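Asks: Dropping the structure in here first, questions after.
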Amino acid sequence: MTVLRQAAPEVGPPTHEALRAGRVRLAETARGGWRAKVLRRPVRGGWRPVGAGAVALALGVAAALTVLQALTPGGTASAAAAEVLRNAAAAARAEAPAAPGKFLYTKTLTVHITLQTGDTNHTCSESWFLPDGTPWAMRTGADRNDDRCRTSDGPSLNGPSSKRPDGDGRPRADARALPTDPAALRERLYDDAEHGRADIPERRNAPHDFLVFDRIGRLLRMPVPPALRAALYETLITVPGVDVRQDVPDALGRRGTALVRTEADGWLGLILAPRTYHYLGSRAESSFDESKGVTDVYATALLASAPVDGKFRRP
Amino acid sequence: MTAVPAHLDRPPRVPEAPPDDAAVIRRSLDEPEAFTALYDRHAPAIHRYAAQRLGADAADDLMAETFLIAFRKRRDYDLERGNARPWLYGIVTRLIARHRRTEVSRYRLLQRLGGETAAEPVESEAKVSAQALRGPLAQALATLPRAYRDTLLLVAWADLSYEETATALGVPVGTVRSRLSRARAKLRDAFGGIDPTGLDDEEDDRG
């Protein structure tokens with residue numbers, strides 16, 4: 001083996017910067033950082049009804065993550081994230097598409113915690129989509145103290161819309177218009193990000209990688225067709241800075257594997273069930289004041305997702 | 001091309017890692033940050049191996065990824081094994097497998113540059129031989145099946161024993177031996193009948 005060993009390509013030792021960067025990533029993962037304290041906070045305690053709707057909350061998430069400088073290096077998602085995403089894509093692809101004539105129903109809980117004051121706002125929304133992903137109807141309302149999501153008192157949207165009923169109000173985001181080939185989908189999403197399409201105006205200056213990650217997260221909250229869902233996961237593999245974090249709670253306290261992207265003022269994670277890779281919800285922790293660490297936590301939970309016979313019907 | 005007896009100019013074996021890797025991992029179950037001690041101990045070697053196979057740029061990321069994956073899987077680690085090197089090399093080998101095209105392209109490039117990388121001072125007959133072999137070796141490595149290449153390079157470049165290589169790859173030791181035998185045969189063909197591994201001389205003290 002001596003000759004074979006000496007014929008190995010000549011390589012130098014890792015640079016100090018590379019060693020340090022790797023150690024910082026490991027230590028950060030091990031420590032959980034300042035985020036760990038927030039993650040351990042009980043999510044469900046002290047719920048009370050509020051007037052804010054899902055639209056305001058979703059916009060809040062977006063505004064909170066007005067970005068800035070990606071802290072996570074790399075030209076694609078991390079290897080660990082890629083592994084999770086490949087599994088998620090395979091699981092999505094194995095699902096059967098909804099039958100024609102059916103509507104797809106989803107119920108989502110959104111929680112916003114203001115850490116400084118302890119205020120916790122809960123909102124829930126019910127949405128009905130066509131099988132191709134076209135939003136059709138929505139109701140939103142405040143969540144009740146008894147933990148039941150009731151939307152009967154909230155505003156409703158009825159009829160096809162170019163705006164998705166997930167609260168972000170971004171136009172031209174219809175799932176039916178998106179390609180299911182991962183390369184074409186990636187090109188489309190980055191092109192939209194570059195030209196300010198399908199994004200709220202005040203965040204046009206955010207890095208394209210974050211805009212694409214954020215948009216994919218919003219699409220995954222919708223009951224998009226299996227082929228598109230698989231393509232969305234596969235596209236995430238090519239988004240720089242996407243990493244994996246374990247044991248992240250959604251708005252209901254269910255813990256899963258999160259695909260996260262860290263920004264200068266916080267992080268956003270898309271949470272999947274550990275074994276089935278089903279989408280559970282999302283979590284964002286943001287800081288509006290650097291000296292105080294995390295100031296706001298936004299979390300969503302997909303409470304139900306099932307085909308139904310008509311709009312405004314429930315499983 | 002001069003065949004060099006394997007016992008000449010043999011570099012010192014990398015000393016066995018202190019048998020307290022398991023203790024570090026055990027401690028990290030309660031104190032996660034303790035896991036960084038494993039990084040401090042093994043990261044440079046993992047980087048070197050990854051850089052030899054994929055280049056320095058990719059090695060930076062693979063080094064970090066290896067320890068992140070190890071950290072997440074530390075609860076599955078067999079604490080009876082004091083030395084974590086095989087475990088870590090197994091992880092980085094699986095990561096390298098995802099870059100198969102990059103690795104093969106790198107060998108093809110090294111093959112083309114093989115005769116031009118001998119600019120460094122030549123200190124021994126073995127190095128003369130090694131430098132002469134570099135181009136043909138890269139060519140041969142590019143065509144080896146991945147399982148053979150992984151096995152061969154864990155022994156040759158990561159300096160793992162057969163037993164450790166088997167642990168790293170999750171295969172029986174017998175499989176390691178048979179893969180090495182087949183890899184040798186392919187290399188021998190590529191080198192016109194000369195076996196550049198010298199395995200006959202080393203097999204006993206490495207197995």
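Rule-based calculations on the coordinates, nothing more; no lab input. Please read these numbers as outputs of a predicted model, since none were measured by experiment. Backbone-built Cβ (ideal geometry, glycine too); neighbour counts: all protein chains shown.
Asks: Can you tell me the length gained on complete extension of the stretch A:ASP132 to A:ALA273, counting 0.36 nm per residue apart and subtracting the Cα distance?
Replies: My answer for the length gained is 48.4 nm.
Asks: Give me the distance in nm between label points sitting 7 Å out from Cα along the Cα-to-Cβ direction at A:GLU17 and B:LEU29, one decimal.
Replies: Label at A:GLU17, label at B:LEU29, 4.0 nm between them.
Asks: HN-Hα J couplings of the stretch A:250-264 from phi, Karplus 6.51/-1.76/1.60, θ = phi - 60°, integer Hz, Gly and Pro as x?
Replies: 8, 5, 9, x, 6, 9, x, 8, 9, 8, 10, 10, 9, 10, 5
Asks: In terms of modelled amide H atoms, which long-range or inter-chain residues lie less than 5 Å from the amide H of A:VAL244?
Replies: Correct list: A:ALA81, A:VAL260.
Asks: Got a sec? How would B:GLU33, A:GLU194, B:GLU80, B:GLU164 order by Cβ neighbour count within 10 Å, fewest to most?
Replies: Least to most surrounded, the residues fall as B:GLU80, A:GLU194, B:GLU33, B:GLU164.
Asks: Only counting other Cβ atoms within 10 Å, I'd like A:GLU187, A:GLU28 sorted with the fewest neighbours first.
Replies: In increasing order of surrounding Cβ atoms, one gets A:GLU187, A:GLU28.
Asks: A further question follows. Can you work out the FRET efficiency for the pair A:ASP309 and B:ARG98, with r the C-beta to C-beta distance and R0 = 56 Å, to the nearest 0.05?
Replies: 0.80
Asks: Separate question: From the gyration tensor of the Cα coordinates in the stretch B:35-104, what semi-axes in whole Å does the equivalent ellipsoid have, largest first, with each one equal to sqrt(5λ)?
Replies: Semi-axes, largest first: 21, 12, 10 Å.
Asks: For A:LEU115, enumerate residues with amide H under 5 Å from its amide H, sequence gap 5+ or separate chain, H modeled in the peptide plane.
Replies: For A:LEU115, the qualifying residues are A:ASP296, A:VAL297.
Asks: I would also like to ask the following. Using only the alpha carbons of the stretch A:211-315, determine the length spanned along each of the three principal axes and report them from longest to shortest in whole angstroms.
Replies: Computed over the Cα atoms, the extents are 52, 29, 25 Å.
Asks: Continuing with the same structure: List the residues, sorted by chain then number, that are 5 or more residues from B:GLY82 or on another chain and whose placed amide H is less than 5 Å from its amide H.
Replies: Answer set, sorted by chain and number: none.
Asks: Apply the Karplus parameterisation 6.51 cos²θ - 1.76 cosθ + 1.60, with θ equal to phi minus 60°, to every residue of the stretch A:301-315 and state each ³J(HN,Hα) to the nearest whole Hz, in sequence, with x for glycine and proline.
Replies: 9, 7, 7, 7, 8, 7, x, 9, 7, x, 5, 6, 9, 10, x
Asks: For a Förster distance of 51 Å, can you work out the FRET efficiency between the beta-carbons of A:ALA27 and A:ALA99, rounded to the nearest 0.05?
Replies: Efficiency, from the Cβ-Cβ distance: 0.50.
Asks: Cut-off is 10 Å between beta-carbons; in what order do B:HIS47, B:HIS99 appear when sorted fewest neighbours first?
Replies: B:HIS99, B:HIS47
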